[in-house]
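Structure, as structure tokens:
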Amino acid sequence: MTTIALGMPAARRDPRDAPPTDGRPAVPELVDRFGRVARDLRVSVTSACSLRCTYCMPEQGLPVPPREQMLQPGEIGRLVGIAVSELGIREVRFTGGEPLMRHDLAEIFAASRAAAPGIDISMTTNGIGLDRRLPALLAAGLNRVNVSLDTVDREHFRLLTRRDRLDAVIAGIRAARDAGLTPLKLNAVMMRETLADAPALLRWALDNGAQLRFIEQMPLDADHTWARDHMVPASELLAVLGQAFELTEVGRDDPSTPAEEWLVDGGPATVGIIASVTRTFCGACDRTRITAEGTVRSCLFGDDETDLRGLLRGGAGDAEVADRWRAAMWNKQAGHGISLPGFAAPERTMGAIGG
Ligand code: SF4
């Protein structure tokens, strides 16, 4: 069996070439060399965003590929259908950039729903414009949303996102809640600049019927300013929250679920912490990603990508597309390797991969 050093990217190759499949068992699922099976599909639909969060985007935004280089709704629907019917995918989440930047998002959901009628469709969003778009998205098949919100302090929000749009985000969250999209989850990246705001954010989430999860910042920012000794580890956040709430650890039911849960003031409300850096869960990772341009990205931190768009547009059948996807995932690296000597951040930043 070929081994891949923990966290080290595989050698770069042309994304149009088929990856090696030596030693791969003849099973339909997306297995990798480390025994993991991908069940959770993340589909990025754009690298454009209406915010400029410092941990993700450069101030001027990321380049957005020309429309013809991006997957179109029918192509996305076809890939979702292949993922579910041929490859054992059980969850589909749309990401970006910001998915709401795509004006054809409802068409994307409708095509995915038609290709995989039984699957839940969820979306990670910054919530801006969600209140206006929600009726059409619900009609197209959207089931759940995770909204990114790092602070409810207006000035801190403006500084972190480089945009004064807190009210628009809150309107989006409340629209999702009022539409009955449950569980309604909020994602907050733990930043030193907003650490003191964490208790108020948790209180706000509880008051608004949302489940809050804090996420350790990873080195995926476009400005490459991430530093291990500057990031906020889960232990420090817990200490801050512990001054305002009584927290009781309940852990996680499923090892592939990244969030560890704590009961808040005896429950039933909980808060989640995704300790991506200090308590890595790569060994149980069950994710596979499709970029907006139609490449398989087996790991957030692996620059090795495999093109499916060319196969789709070249007339390949579903079986050929599925085989290429399987080969891509067979070569998934062991983990992010952030703590290893020689770690290098991936070329694509979070906004260009999808979270
Ligand atoms: S870095 Fe993320 S995508 Fe890569 S193996 Fe770890 S959990 Fe999975």
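Quick note: the coordinates plus some simple rules give every number you see, no bench work behind them. Keep in mind that what you see is a predicted model, and the values were worked out from it rather than measured. Positions of Cβ are generated from backbone atoms using ideal geometry, with glycine treated the same way; all protein chains shown enter the neighbour counts.
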*Just going by the charge dipole of the chain, with Lys and Arg at +1 and Asp and Glu at -1 on Cβ, which of His224, Pro255, Pro66 is farthest out on the positive end?*
Pro66
_Kirkwood Rh, Cα atoms: Rg over Rh of the range 144-290_ = 0.94
*Using just the helices of the chain, give the 222 nm mean residue ellipticity in deg cm²/dmol: DSSP H runs with n ≥ 4 each add -39,500 (n - 2.57), and the total is spread over all residues, rounded to 500.*
-8000 deg cm²/dmol
_Spin-label pair Asp207/Val250, simplified geometry with 7 Å Cα→Cβ offset, distance in nm_ = 2.3
*Antiparallel bridge percentage (DSSP; both residues within the chain; nearest 5)*: 35
_Give me the one-decimal nm value for the distance between modelled label points at Thr182 and Phe343, 7 Å along each residue's Cα-to-Cβ direction._
3.8
_Just to be sure I understand the model, the point goes 7 Å from the Cα along the line to the Cβ. What's the resulting Val64 to Asp22 distance in nm?_
4.4
*asked:* Neighbour counts of other C-beta atoms within 10 Å: give me Val296, Val232 arranged from fewest to most.
replied: Val232, Val296
*Starting from 0 in steps of 20 Å, tell me what percent of the Cα-Cα pairs of the chain lands in each bin.*
31, 61, 9
*Sorting Ser112, Ser339, Ser298 on the 10 Å Cβ count, fewest up front, what's the list?*
Ser339, Ser298, Ser112
*asked:* How big is the dipole moment of the range 31-353 about its Cα centre under a simple scheme where the beta carbon of each Lys and Arg is +1, that of each Asp and Glu is -1, and everything else is neutral? Debye, nearest 20, please.
replied: 560
*By its C-alpha gyration tensor, with a ≥ b ≥ c as the square roots of the eigenvalues, how is the range 172-243 shaped: rounded for a/c under 1.5, else prolate for a/b larger than b/c, else oblate?*
oblate
*Gap separating the Cα centres of the range 111-161 and the range 34-107, nearest whole Å*: 13
*From the residues Met190, Ala210, Leu300, which one has its Cα farthest along the dipole of the chain in the positive direction, the dipole being from +1 and -1 charges on Cβ of Lys/Arg and Asp/Glu about the Cα centre?*
Leu300
